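K.L.:
Pasting in a structure now, in structure tokens, and then I'll have a few things to ask.
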2 protein chains.
Amino acid sequence: MMTIKRHVTRNDVAREAGVSPAIVSYVINNGPRPVAPETYKKVLEAIERLGYKPNAIARSLRLQRSSTIGLILPDTQNPYFAEVARGVEKIAFQKGFSIILCHSDYSLEQEIRYVNVLDSERVAGVLWFPATNDPKPHQLLSESGVPVVVLDRIVRGIQAHFVVADNFRGGYIATKHLIELGHRSIGCITRPMDLYHSQERVRGYRAAFADHGIPEDLSLIVKGGFRLEDGRRAAKQLFDLKPAPTAIFAYNDFMAIGALRAANERGLRVPLDVSIIGFDDIPQSAFTVPALTTIRQPKFEMGCRGAELLIDLIDKKKHTRPVNSPLDVQLIVRESTACVNSN
Amino acid sequence: MMTIKRHVTRNDVAREAGVSPAIVSYVINNGPRPVAPETYKKVLEAIERLGYKPNAIARSLRLQRSSTIGLILPDTQNPYFAEVARGVEKIAFQKGFSIILCHSDYSLEQEIRYVNVLDSERVAGVLWFPATNDPKPHQLLSESGVPVVVLDRIVRGIQAHFVVADNFRGGYIATKHLIELGHRSIGCITRPMDLYHSQERVRGYRAAFADHGIPEDLSLIVKGGFRLEDGRRAAKQLFDLKPAPTAIFAYNDFMAIGALRAANERGLRVPLDVSIIGFDDIPQSAFTVPALTTIRQPKFEMGCRGAELLIDLIDKKKHTRPVNSPLDVQLIVRESTACVNSN
DNA sequence: ATGAAAGCGCTAACAG
DNA sequence: CTGTTAGCGCTTTCAT
């Protein structure tokens with residue numbers, strides 16, 4: 001038989017230490033007023049003795065602001081998002097914030113439901129990995145005065161803080177790598193060009209040719225989807241060309257694996273007859289598919305940078321009067337640490 | 001220039017609707033006291049008009065209990081944990097709970113740090129995926145009266161609620177599958193036997209032989225680590241036997257991939273010369289490594305069951321007086337939906 | 001069926 | 001340097 005203890009409160013500590021409750025707060029928060037060293041010690045001892053843990057909920061209510069950050073993403077099971085989440089959590093923990101995990105499941109409706117939950121929970125801020133191109137979730141949060149940072153996607157039509165990888169640089173590095181291997185005819189398998197990421201990666205691909213003084217052949221750029229099968233189909237199409245390219249730069253590793261299969265079906269050896277390179281959406285791809293070379297995307301770093309930026313915004317908000325503040329617009333594109341990661 | 005609105009409060013709604021604040025609560029919570037239909041309608045309209053969202057923090061403070069659940073796991077980047085997390089989040093959202101994501105990073109110290117955070121946040125309960133065999137995190141939470149459900153691991157020396165997959169059944173199914181393919185000599189690559197999971201899987205392996213009237217050969221059981229290299233080494237050892245086994249049951253797919261490499265190095269074709277099967281720790285393994293057959297582990301389902309159980313405990317606690325309650329001990333081992341998942 | 005009011009644990013302004 | 005106290009927004013008991 002054990003009695004479940006009531007939580008120890010600040011008043012308990014004050015009584016135990018023989019001081020007023022306010023002093024206990026000053027000790028815990030290291031301010032805003034000074035405390036005599038002796039008193040300080042007494043309080044610390046009382047806290048220790050009673051095992052006091054400040055009630056974060058009461059604190060949040062009083063401060064009108066919790067120390068919790070919402071993280072909305074389509075699906076943690078996708079290793080891509082998982083890696084971003086890891087970076088977010090790391091920084092958040094360091095700075096004393098907790099993460100509320102919200103799966104939008106690639107659905108705008110679910111995003112909106114979670115936005116309402118987060119609003120009710122009075123989160124200090126939100127990191128948003130958009131599931132669609134609809135800016136609604138951002139609007140709703142902004143209207144409630146919740147700072148938002150958008151991760152890895154450019155949603156058009158809103159003024160917001162974005163943290164995205166340097167896709168241009170990635171495409172450039174990939175192509176440069178292939179050129180330096182001696183390739184001159186390099187196919188490019190991309191997504192539909194309406195996406196910001198596609199545009200940037202292809203722009204990098206083309207810039208590499210320009211910088212190396214190699215003439216471009218636009219027929220080598222094939223627009224596909226984004227799944228393995230799409231890559232396979234696109235690669236087949238490239239291998240049908242005469243002469244066929246000796247290297248392929250694919251939008252991501254799913255399509256790169258598809259291209260690899262297409263190459264195998266032709267009896268081509270990778271990377272002896274043809275070199276294939278793609279961006280890593282699956283971190284393990286380079287590991288389980290040895291013939292593949294990948295461009296590492298700075299997912300973890302993006303998560304970190306996003307969290308840092310968001311916490312900056314939160315702190316800034318704390319110190320400014322929350323009136324008549326125009327939307328603080330800023331487009332942040334961080335340098336990608338993209339690098340060739342071959343094994 | 002837009003003015004950031006103060007959050008609408010219950011009192012605002014009461015004033016707008018011309019009723020007392022209590023009524024607003026009764027409407028929101030559907031109780032505990034009845035409200036006249038007319039009044040009810042007036043309140044709903046006022047809520048709608050003002051866009052009122054109840055403040056979950058104030059609610060939590062008053063109720064001495066938040067609607068938040070802590071999820072402690074080693075690392076979301078591991079697809080195994082990610083899938084469990086997905087199940088947890090699904091159920092939690094359904095039942096109106098938010099998830100606070102805590103990475104222990106395989107470290108007891110970090111687990112304990114997060115336990116303290118969760119305790120401060122006055123979470124309603126915790127789902128714990130232990131990083132080590134140390135029961136300390138569970139003890140700390142129990143002492144604070146926080147319900148805990150332990151996921152996928154049996155931590156010895158504590159009375160707790162466990163939700164684990166049916167590893168015995170998985171080992172049995174895997175071996176039965178190989179036997180039914182015509183194999184009689186089946187190697188078993190396992191982890192050190194101190195782990196509950198290893199023991200159970202090997203027990204299933206042996207039971208399959210017994211049930212099919214096939215004599216066992218204990219020299220076919222090789223204890224290894226759990227990484228790819230360990231599997232490769234163990235498989236080499238098995239292939240050195242005369243006669244060598246024609247099939248291998250590996251503890252997980254990392255080791256199965258290792259075994260596959262060892263087979264390739266011997267010039268054996270998989271699955272023509274030798275069949276290899278393992279538990280899926282990486283969901284994509286069967287996808288990226290076509291020759292592999294895997295046993296699907298019910299990770300998602302475990303997450304769901306764990307969350308359901310935890311929420312039951314939370315509800316039960318709510319309705320009982322929190323005094324003199326002995327630890328409510330229960331060992332729950334759910335049937336695995338393990339099934340052969342070959343492609 | 002409704003209103004009034006206490007109080008959850010904390011921060012910080014006010015008063016010594 | 002320290003004590004006292006007013007709320008933060010809500011639930012619920014006590015009145016009516």
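K.L.:
Measure nothing but the geometry: give the 0 to 90° angle between the long axis through the Cα atoms of A:37-50 and the longest principal axis through the Cα atoms of chain A, rounded to 10°.
P.N.:
Approximately 80 degrees, to the nearest 10.
K.L.:
Could I ask something else about it? Could you work out, residue by residue across B:46-59, how many beta carbons of other chains sit within 10 Å of that residue's beta carbon, and then give the average as an integer?
P.N.:
Across the residues of B:46-59, the mean count of other-chain Cβ atoms within 10 Å is 4.
K.L.:
Assign unit charges at the C-beta atoms only (+1 for Lys and Arg, -1 for Asp and Glu), then state the dipole size of segment B:27-83 relative to its Cα centre in Debye, rounded to the nearest 20.
P.N.:
Taking the Cα centre of segment B:27-83 as origin, the dipole is about 420 debye.
K.L.:
Can you work out the Karplus-derived ³J(HN,Hα) for every residue in segment A:120-127? Use 6.51 cos²θ - 1.76 cosθ + 1.60 with θ = phi - 60°, whole Hz, and x for glycine or proline.
P.N.:
These are the phi-based 3J(HN,Hα) values: 4, 6, 6, 4, 6, x, 9, 9 Hz.
K.L.:
Now, a different point. Please state the relative contact order of segment B:1-154 as a whole percent: Cα pairs under 8 Å, 6+ residues apart?
P.N.:
19 percent.
K.L.:
Something else about it: Starting from the eigenvalues of the Cα gyration tensor, five times each then square-rooted, give me the equivalent ellipsoid semi-axes of segment A:227-277, largest first, whole Å.
P.N.:
Ellipsoid semi-axes (Å, largest first): 15, 11, 10.
K.L.:
If N is the number of residues in chain A, what value comes out of its Cα radius of gyration divided by 2.2 N^0.38 Å?
P.N.:
Scaled against compact globular proteins, the figure is 1.29.
K.L.:
Measure nothing but the geometry: give the 0 to 90° angle between the long axis through the Cα atoms of A:253-265 and the longest principal axis through the Cα atoms of chain A, rounded to 10°.
P.N.:
For A:253-265 against chain A, the angle is about 30 degrees.
K.L.:
How much of the calculated P(r) for segment B:124-198 lies past 15 Å, in percent of all Cα pairs?
P.N.:
So the pairs more than 15 Å apart make up 64 percent of the total in segment B:124-198.
K.L.:
In deg cm²/dmol and to the nearest 500, what is the mean residue ellipticity at 222 nm of chain A if only DSSP H runs of at least 4 residues count, each as -39500 (n - 2.57), divided by the residue total?
P.N.:
-14000 deg cm²/dmol
K.L.:
I would also like to ask the following. From other protein chains only, count the Cβ atoms within 10 Å of every residue's Cβ in B:131-144, then give the mean.
P.N.:
The mean count of partner-chain Cβ atoms within 10 Å per residue comes to 1.
K.L.:
What does the average come to when, for each residue of peptide B:99-106, you count the partner chain Cβ atoms lying within 10 Å of its Cβ?
P.N.:
Partner Cβ neighbours, averaged per residue: 5.
K.L.:
State the answer as a single residue: which of B:Ile23, B:Gly170, B:Leu118 lies farthest towards the positive end of the charge dipole of chain B, with beta carbon charges of +1 for Lys and Arg and -1 for Asp and Glu, about the Cα centre.
P.N.:
B:Ile23
K.L.:
Also, quick follow-up: Who wins for biggest fluctuation among B:Ala124, B:Ala291, B:Ala210 in a Gaussian network model of chain B, springs between alpha carbons below 10 Å?
P.N.:
Highest fluctuation of the listed residues: B:Ala210.
K.L.:
When chain A is modelled as a GNM with alpha-carbon springs shorter than 10 Å, which of A:Glu265, A:Glu45, A:Glu143 fluctuates the most?
P.N.:
Residue with maximal mean-square fluctuation among A:Glu265, A:Glu45, A:Glu143: A:Glu45.
K.L.:
For chain A, set up a Gaussian network in which alpha carbons nearer than 10 Å are linked by springs, and say which option among A:Met193, A:Met302, A:Met255 fluctuates the most.
P.N.:
A:Met193
K.L.:
Sorting check: for A:219-226, A:184-191, which peptide has the highest mean count of neighbouring beta carbons within 10 Å, and how do the rest follow?
P.N.:
Top to bottom by mean Cβ count within 10 Å: A:184-191, A:219-226.
K.L.:
If a/c stays under 1.5 just call it rounded; otherwise compare a/b with b/c (prolate if a/b is bigger, oblate if not). Do that for segment B:43-100, with a ≥ b ≥ c from the square roots of the Cα gyration tensor eigenvalues.
P.N.:
Here segment B:43-100 falls in the prolate category.
K.L.:
Could I ask something else about it? Can you give the alpha-carbon Rg of the protein assembly as shown over 2.2 N^0.38 Å, where N counts its residues?
P.N.:
The reported ratio for this selection is 1.09.
K.L.:
Same structure, new question: Nearest 20 debye, what's the magnitude of the dipole of chain A about its Cα centre given +1 on Lys and Arg Cβ and -1 on Asp and Glu Cβ?
P.N.:
So the magnitude is around 860 debye.
K.L.:
Okay, moving on. Given q = 0.12, 0.15 Å⁻¹, what are the Debye log10 I(q)/I(0) values for segment A:1-156, with equal point scatterers placed on the Cα positions and solvent ignored?
P.N.:
-0.66, -0.83
K.L.:
Could you give the size of the charge dipole of the protein assembly as shown about its Cα centre, using +1 on the Cβ of each K and R and -1 on the Cβ of each D and E, expressed in debye and rounded to the nearest 20?
P.N.:
With only Lys, Arg, Asp and Glu charged at Cβ, the dipole is about 1480 debye.
K.L.:
Can you check how the C-alpha radius of gyration of segment B:148-250 compares to 2.2 N^0.38 Å, as a plain ratio?
P.N.:
So the Cα radius of gyration is 1.16 times the expected 2.2 N^0.38 Å.
K.L.:
Helix B:79-94: angle to the longest alpha-carbon principal axis of chain B, degrees 0 to 90, nearest 10?
P.N.:
Here the helix axis deviates by roughly 30 degrees.
Where a number appears in this text, it was derived from the coordinates with a stated rule and is not lab data. As the structure is a computational prediction, the values presented were derived from the model and not from experiment. When we count neighbours, we look across all protein chains shown, and the Cβ atoms used for this are built from the backbone with ideal geometry, even at glycine.
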